[in-house]
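J.: Next up is a structure, given as structure tokens.
Laboratory data are not the source of any read-out in this text; all were calculated from the coordinates shown. Note that this is a predicted model, so its numbers are computed, not measured. Because the Cβ atoms are built from the backbone with ideal geometry, glycine has one as well, and the counts that use them run over all protein chains shown.
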Amino acid sequence: MTTEPVTLQGCPRQGHTDGADNAAEPPLRGGRMRVYPDRLRHNAEILKRVYGPRMIAVIKGNGYGLGVATCGNALARAGIRMMAVGSIAQAAQLRAAEVTARLLVLNPDGHGPAGSDYDAEWLVGQVEITRLLDCRRMGSRIRIHVEVDFGTGRGGVPADQIDETLSALLRHPMVRVAGLAGHLPADPSETAVRDAFTTLGRLRRRCPGAIAHIGGSDVLRWHRPTLAVWVRVGRPLYGIPPRSLPTGDAGHVTPAWAWQASATAYPPPAIVGYHGAQPPPGTPVRLDVGYADGLPPQAAQRWPILVDGHPYVIHEVFMLSSIAYPTGTELPPGASGTALLSGRCDQYCIPARQISAPLGVATTAVLMCPRSPREVATT
């Protein structure tokens, strides 16, 4: 089985949604994506107990594909006081869903931060700050969170320029510095973590009303509650724990979704796939999901699934269907079942890392793949 890096072409989830998540998108036909709000709430409560209540829940990317309003309401019920969204449009969705938490917009959508009717704050880097400093007249005062670059190079203010930049922002009559933010690269050294905390703490003394917060893929590996620094949490809220998490920390989070498809076993053919290759041994199953439904062509021979508990691996991906072959026990020809492609259903689990590792992609890419119709569990 090959493991060279590949790129998944992710798209926003489409299909049936509930409430404020219904964006009048055309329904797609294959499989189903079941979302479990109670698991989201459960995960948030676990993380709050371990890492403290000063937690910013990240629900960008349409709630990592699970639905902005669905996620926002579930996290609000867990007592989350602050949430970060990808755009002002998603902030509007949360307000329409009566989510009253403090909102931070992570991406100014290319237009720069501005006053809005959604009581939102803005994360700003070098580009947005330059525009703000050039604009002295605004419709209303805005609240910003200044991003400091701690090594990711995604547009934050370099650490050696942050003091001068902050001084200019604090003098601006229409800007209020509401937060100081940082994002660390994967696997940061202890020195890098310590320097980031020191820098944010020092800057916060210049604007005591601001909060300091930090995030990153491995944030929970080294973060512990402090009075000075909040933590931004994304994937663990949805049930993907960080790598090498200490035992007893957030290891009990549960995948908040189940991507499923119908599976039917059929007699083994002599050849299979677009190129007419000889198939592996065993009785194959046909799934009602293909790359039109979000299953990437690169899943072929890499993506493990469970069909009623029987282990299979995707062998070929077509536009409207895919073929999987058994790697252990199997269904007999003519039998039908339900395939779990990712997440957790009532009985079985396919962790995102079990898929992302052989594909050589981030777990977020796995979580964002499905375009099957979304169903929200009521229990």
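J.: Taking every pair of Cα atoms in the chain, average 1/r, invert it to obtain the Kirkwood radius, and report Rg/Rh to two decimals.
T.: 1.02
J.: Using only C-alpha atoms and all pairs of different ones, pull out the Kirkwood radius for region 257-376 in Å with one decimal.
T.: Kirkwood hydrodynamic radius for region 257-376: 14.2 Å.
J.: How many percent of all Cα-Cα pairs in region 37-238 sit more than 28 Å apart?
T.: 23
J.: Rounded to the nearest whole Å³, what is the per residue volume of the convex hull around the Cα atoms of region 327-379?
T.: Per-residue hull volume (Cα only) is 139 Å³.
J.: What FRET efficiency comes out for the pair residue 362/residue 292, r = Cβ-Cβ distance, R0 = 25 Å, nearest 0.05?
T.: Efficiency, from the Cβ-Cβ distance: 0.65.
J.: How much mean residue ellipticity at 222 nm does the chain get from its helices, if each DSSP H run of length 4 or more adds -39500 (n - 2.57) and you divide by all residues, to the nearest 500 deg cm²/dmol?
T.: Estimated from H runs of four or more residues: -7000 deg cm²/dmol.
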